[in-house]
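Undergrad: First the structure, then my questions, so here it is.
The values are calculated or read from the model by the stated rules, or taken from the named source; none is laboratory data. Please read all numbers here as calculations on a predicted model, not as lab measurements. Neighbour counts run over all protein chains shown; Cβ positions are idealised from the backbone, glycine included. Calculation scope for accessible area: heavy atoms of the full protein, side chains included, ligands and nucleic acids excluded. Shrake-Rupley method; radii C 1.70, N 1.55, O 1.52, S 1.80 Å.
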Amino acid sequence: RGEAISVWQNATSNVLAAGNSIHSVGANMAMPDQVSSANFSSMGMTGDMRISWRVGSDPSTDFSLLGLGETDTGISAADIKFGFFNILGSAAIIEGGTFVEYTGVNLAIDTKLSLEVIGDTINYYIDDVLVYGTSVAGSVDFNVDAVFMSASEMSYVDFRIHALGKTKVNTWVNADVGVSAVLNSIIADESVVSNAQINSVHFSALGYTDNY
């Protein structure tokens, strides 16, 4: 599931950040509230990664913007370089304070929002479905940045970050006749019978018990 994002900074008075969740009450368009996480490098995270969180309360009366920031200059949508904008329960994309597009997806409690940073590509996911993609120039040390603009209470929970490394699966067992493996590829030849199989070793043998 990834490592919890739980170090927060720059929280205004109407925002409570506790553990890997944030909660706002009493903001408004004229005086928005904000909170941001520590930059990801302070967690040992660089390179390709996925950042995710879930909607924690009813989004239908809320205006809030969450996503990837870099430098916190104050309470500003422009600080959020790549973000999801909740507009009364409808998910839109805003980048650097500029509206990009509606996703056509309605948010609800427990909806999962994710952003992937892969090289110079930023991918937006809602409930693990790709809804938008764009690009970023250079390598950026991002953080999570949030701006709340509604007087209603709003929560986002289970903020997590997951490194997207690559490990080859190249150890194989239980190969039937006609099935063989070369490094991280499997091959079936003309001698294969019906329902032939081959299995990799358990992922724990590769050092993975979670977060893959």
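Undergrad: So is residue 104 more than 20 Å from residue 10 (Cβ to Cβ) and either within 16 Å of the chain's Cα centre (by Cα) or open to solvent by less than 20 Å² (accessible area, probe 1.4 Å) (or both) or not?
TA: Against the criterion (more than 20 Å from residue 10 (Cβ to Cβ) and either within 16 Å of the chain's Cα centre (by Cα) or open to solvent by less than 20 Å² (accessible area, probe 1.4 Å) (or both)), residue 104 does not qualify.
Undergrad: Within segment 3-16, is even one residue touching a Phe, Trp or Tyr at 6+ places or on another chain (Cβ under 8 Å), open to solvent by 40 Å² or more (accessible area, probe 1.4 Å) and small (Gly, Ala, Ser)? If you could, list the steps in order and put the result at the bottom.
TA: Of the residues in segment 3-16, the ones touching a Phe, Trp or Tyr at 6+ places or on another chain (Cβ under 8 Å) are 4-6, 14-15.
With open to solvent by 40 Å² or more (accessible area, probe 1.4 Å) added as a condition, the list becomes 6, 14.
When the remaining residues are screened for being small (Gly, Ala, Ser), the result is 6.
Yes, segment 3-16 contains at least one residue that is touching a Phe, Trp or Tyr at 6+ places or on another chain (Cβ under 8 Å), open to solvent by 40 Å² or more (accessible area, probe 1.4 Å) and small (Gly, Ala, Ser).
Undergrad: Follow-up. Tell me, please, whether a residue that is touching a residue at least 12 places away in the same chain (Cβ under 8 Å), open to solvent by 10 Å² or more (accessible area, probe 1.4 Å), touching a Lys or Arg at 6+ places or on another chain (Cβ under 6 Å) and in a strand (DSSP E or B) can be found in segment 74-91.
TA: no
Undergrad: Find all pairs meeting these conditions: Cβ atoms under 9 angstrom apart; at least six residues apart or on different chains; first residue within segment 23-50 and farther than 18 Å from residue 146 by Cα; second residue among the acidic types (Asp, Glu) and not in a loop (DSSP other than H, G, I, E, B).
TA: As it stands, the answer is 43/3; 44/3; 45/3; 48/116; 49/116, since those pairs meet every condition given.
Undergrad: Pick from segment 129-156 the residues that are of a type in the set (Gly, Ala, Ser), under 20 Å from residue 35 (Cβ atoms) and at pLDDT below 95: which of them is most open to solvent (accessible area, probe 1.4 Å)?
TA: 151
Undergrad: Okay, next question. Exactly one of (1) assigned to a strand (DSSP E or B); (2) among the small types (Gly, Ala, Ser); (3) open to solvent by less than 40 Å² (accessible area, probe 1.4 Å); (4) out of contact with any strand residue (DSSP E or B) (no Cβ under 6 Å at 6 or more places or on another chain) is unmet by residue 64. Its number?
TA: Residue 64 satisfies every listed condition except (4).
Undergrad: On to the next question. State yes or no: is residue 164 of a type outside the set (Ser, Thr, Tyr), at pLDDT 80 or above and exposed (fewer than 14 other Cβ atoms within 10 Å of the Cβ)?
TA: So residue 164 passes the test.
Undergrad: If I go through segment 111-128 residue by residue, how many of them are open to solvent by 20 Å² or more (accessible area, probe 1.4 Å), touching a residue at least 12 places away in the same chain (Cβ under 8 Å), in a strand (DSSP E or B) and not charged (D, E, K, R)?
TA: Number of matching residues: 3.
Undergrad: Which number in (1) open to solvent by 50 Å² or more (accessible area, probe 1.4 Å); (2) of a type outside the set (Ser, Thr, Tyr); (3) at pLDDT below 95; (4) over 14 Å from residue 145 (Cα atoms) marks the one condition that residue 99 misses?
TA: (3)
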